[in-house]
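The values are calculated or read from the model by the stated rules, or taken from the named source; none is laboratory data. From a predicted model like this one, the values you see are computed outputs, not experimental measurements. Cβ coordinates were reconstructed from backbone atoms using ideal geometry, including for glycine residues, and neighbour counts include every protein chain displayed.
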Amino acid sequence: MALIDRTVTGLLDAFSSSDPTPGGGSASAMAGAMAASLLLMVAGMAKTKTNAASERDALDRAQPELAALRATLTALIDRDAAAYDMVVASYRKPKATDEEKAARKAAIQNAMHVATKIPLETMKACAALLRLAAIVSTNGNTNAASDMYVATLLAQAALKGARSNVDINLGGISDTALASALRTQADGYEGSLLGQRAEGKGQR
């Protein structure tokens with residue numbers, strides 16, 4: 001059964017089991033999906049910050065993007081677990097002959113590439129989510145301030161968690177040019193988090 005089709009208790013049991021998956025990558029994607037859900041809730045409220053038409057328009061425009069990001073992050077919960085399972089399977093390939101060793105090496109590199117790209121997708125989605133969180137926080141109902149705050153924290157944690165998975169998987173990629181390109185992408189997505197924090201300091 002897919003992780004996203006389990007009950008909340010079943011999913012928590014899966015995370016707490018001794019099995020290697022689901023792990024931190026799936027948890028990061030789930031945190032991002034939860035953040036998107038909270039932001040969707042606030043954006044869909046009838047009352048905005050001051051009930052200005054511009055606020056309603058901003059929140060209405062944010063909702064389709066938030067829904068798309070929630071769908072993406074929800075799918076990434078299972079995709080991340082599958083990517084790690086692919087890595088494990090590649091290391092278990094036979095290596096008795098030179099041909100088997102070559103095939104195993106190629107399979108490992110392909111699996112590590114996939115296992116790096118999946119959390120990169122989580123980072124990308126969370127970077128977009130943080131941009132929308134700022135819009136919702138600026139225009140949303142102040143009675144839901146704690147919901148918006150929690151959503152922002154979850155999105156930040158999801159992005160940082162995904163970054164940790166990117167970094168650990170980059171160490172298994174032997175193609176230095178590819179690893180460098182993937183690291184640059186991660187740096188770019190993480191820049192949205194750093195920029196948001198700097199903006200928040202300027203507003204206080």
Among (1) in contact (Cβ under 8 Å) with a residue 24 or more places away in the chain; (2) under 16 Å from residue 35 (Cα atoms), the one test that residue 120 misses: (2)
The stretch 135-155: number of residues that are in contact (Cβ under 8 Å) with a residue 40 or more places away in the chain, crowded, with 16+ Cβ neighbours inside 10 Å and in a helix (DSSP H, G or I): 10
Filter result for residue 120 (farther than 18 Å from residue 22 by Cα and either assigned to a helix (DSSP H, G or I) or not aromatic (Phe, Trp, Tyr) (or both)): no
Candidates 181, 162, 111, 103 - the one that is farther than 19 Å from residue 63 by Cβ, surrounded by 21 or more Cβ atoms within 10 Å (Cβ to Cβ) and over 14 Å from the mean Cα position of the chain (by Cα): 111
Lone unmet requirement of (1) out of contact with any Lys or Arg (no Cβ under 9 Å at 6 or more places or on another chain); (2) under 16 Å from residue 190 (Cβ atoms) for residue 80: (2)
Restricting the stretch 70-95 to residues that are of a type in the set (D, E, K, R) and more than 16 Å from residue 165 (Cβ to Cβ), the residue that is nearest to the chain's Cα centre (by Cα): 70
Verdict on residue 73 being part of a helix (DSSP H, G or I) and either modelled with pLDDT under 95 or touching a Cys at 6+ places or on another chain (Cβ under 8 Å) (or both): yes
Cross-chain or 6+ apart pairs with Cβ under 7 Å, the stretch 161-181 first and more than 15 Å from residue 122 (Cα to Cα), then loosely packed, with under 12 Cβ neighbours inside 10 Å: none
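For every residue, the table says whether it meets (1) among the β-branched types (Val, Ile, Thr); (2) over 15 Å from the mean Cα position of the chain (by Cα); (3) at positive phi.
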| site | (1), (2), (3) |
| --- | --- |
| 12 | no, yes, no |
| 19 | no, yes, no |
| 44 | no, yes, no |
| 68 | no, no, no |
| 97 | yes, yes, no |
